[in-house]
Amino acid sequence: MSVNTGIRPAGHARVRAGRASFLLHRRATAVALVLAALLAAACLAYLCAAGTSFVAPGEALKVVAGQPSSHELVVGIFRLPRMTVGLLAGAAFGVAGALIQTVARNPLASPDIIGVSQGASALTVGAMTFGVTSFAVLPYLSVAGGLLAAALVYAFAWRGGLHATRFVLIGIGFAIALRSVTHLFMTKGDYLVAQQAQVWMTGSLNGRGWAEATPLAWTLLALTPFVCWAARAQRTVSLDDATATALGVRLGRTRLGLAVLGVLLASVATGAAGPVDFVALLAPQLARRTTRTAQIPLLCSALAGAFIVVVADLLGRKLFEPTELPVGVLTAAVGAPYLIRLIVKGRTGGRS
């Protein structure tokens, strides 16, 4: 592998691996490395301290490496599977938010703002109300609900093109309506089922394990080639319509493909961890503001989303111990003020 020092865009390095070559944004690469290091530190802290007993870092790493340890039960059975679900779901939320914000060209657009998460919640809670409580079935219902909600928003927002403001406003309207439908299901269901649904809706990782982590990991692995395509497609979608059309780009199809991929990722993550609010809103903006790139970097968004969820779940378990706060409560406490800030800056003409 070698770096070509020929002509290239400012701030980029051309990397060659055999016959293949690609551009690396230097700042984005540095930010990704920093985020990866922070995420690794957060995961280690989670395995050591997420609970009533502290485990030495060396012992925790032994369990992760598959070596014999007296802390196999605490780390390998209780903490590692739950952390893995949060890690994967956070990464999926981060990428989903980046894709939907790219399509909408609006930092306010995220799955939990435009109705995708609410559609997943409505169908899932409705199924719980009618007796479907198996975690082997609920993730698929979440995906179906998210896709259906996104299709409705897209259909109502399309008027010879996809206008960003109309897309977000219609999405907010659907989100409110679907949230009302969800609460209606909860009032009609059994009390215990309603409690279970309420915990799920707050975005809780309590009780999550390998049964949720394994299918989520395989699904994300299967979607990885499409995410790689999306990283390239972002460049053309970010252009103005006239320029992209002149270059022969089929904007309608590209935007639809990016939107469908984003909805799939958000719905799969919601099925595994519940609708963890504001992660898909925060992670892409954190990635973009730290890298200062023209497009939202998907890798940095994934790392930021995973970091937010893992840290939020760790804090939720430690702040008011032995009482445990759902991860969605912590992410909402940070995300809601940020959403208000975006809206206020948008109204006053500030940059968002």
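The values are calculated or read from the model by the stated rules, or taken from the named source; none is laboratory data. As the structure is a prediction and not an experimental result, all values here were calculated from the model. When we count neighbours, we look across all protein chains shown, and the Cβ atoms used for this are built from the backbone with ideal geometry, even at glycine. These area figures cover heavy atoms from the full protein model, side chains too; ligands, DNA and RNA do not enter into them. Shrake-Rupley method; radii C 1.70, N 1.55, O 1.52, S 1.80 Å.
With the Cα gyration tensor of segment 70-163 giving a ≥ b ≥ c as the square roots of its eigenvalues, does the rule (a/c under 1.5 for rounded; else a/b larger than b/c for prolate; else oblate) give rounded, prolate or oblate?
On the way: a/c = 4.26, a/b = 1.62, b/c = 2.63.
It is oblate, given that a/c is not under 1.5 and a/b is not larger than b/c.
Could you do me a favour and compute the accessible area per residue for segment 151-223, 1.4 Å probe, result in Å²? Show your work: numbers first, answer last.
Numbers: 4150 Å² over 73 residues.
Normalised by residue count, the accessible surface of segment 151-223 is 57 Å².
Quick one: if you stick a label point 7 Å off each Cα along the C-beta vector at residue 333 and residue 53, how many nm between them?
Spacing of the two 7 Å Cα→Cβ label points: 2.8 nm.
What does the C-alpha gyration tensor say about the overall shape of segment 186-337? Classify as rounded when a/c is under 1.5, otherwise prolate if a/b is larger than b/c, or oblate.
Working: a/c = 2.34, a/b = 1.87, b/c = 1.25.
Judged from the Cα gyration tensor, segment 186-337 comes out prolate (a/c at least 1.5, a/b above b/c).
Within 10 Å of each candidate Cβ there may be at most 15 other Cβ atoms; applying that plus a DSSP loop requirement, which chymotrypsin sites (Phe, Trp or Tyr not before Pro) in segment 87-141 survive?
Passing both the DSSP loop test and the Cβ count: 130, 135.
Ignoring everything but the protein chains, give the 1.4 Å probe accessible area of residue 340 in square angstrom, nearest 10.
Surface accessible to solvent at residue 340 totals approximately 110 Å².
Highest mean first, what order results for 100-111, 202-213 on Cβ atoms within 10 Å?
Order by mean packing, descending: 100-111, 202-213.
What does the net charge come to around residue 230 if you take all other residues with beta carbon closer than 14 Å to its beta carbon, with K and R at +1 and D and E at -1? Don't skip to the end; give the middle numbers.
Working: positive: 232, 235, 253, 255; negative: none.
Around residue 230, the charge tally is +4.
Applying a 10 Å radius around every beta-carbon, put 181-187, 263-269, 220-226 in order of their mean neighbour count, most first. If you can, show how the numbers build up before the last one.
Details: 181-187: 17.0, 263-269: 30.0, 220-226: 12.7.
Put in order of decreasing packing, that is 263-269, 181-187, 220-226.
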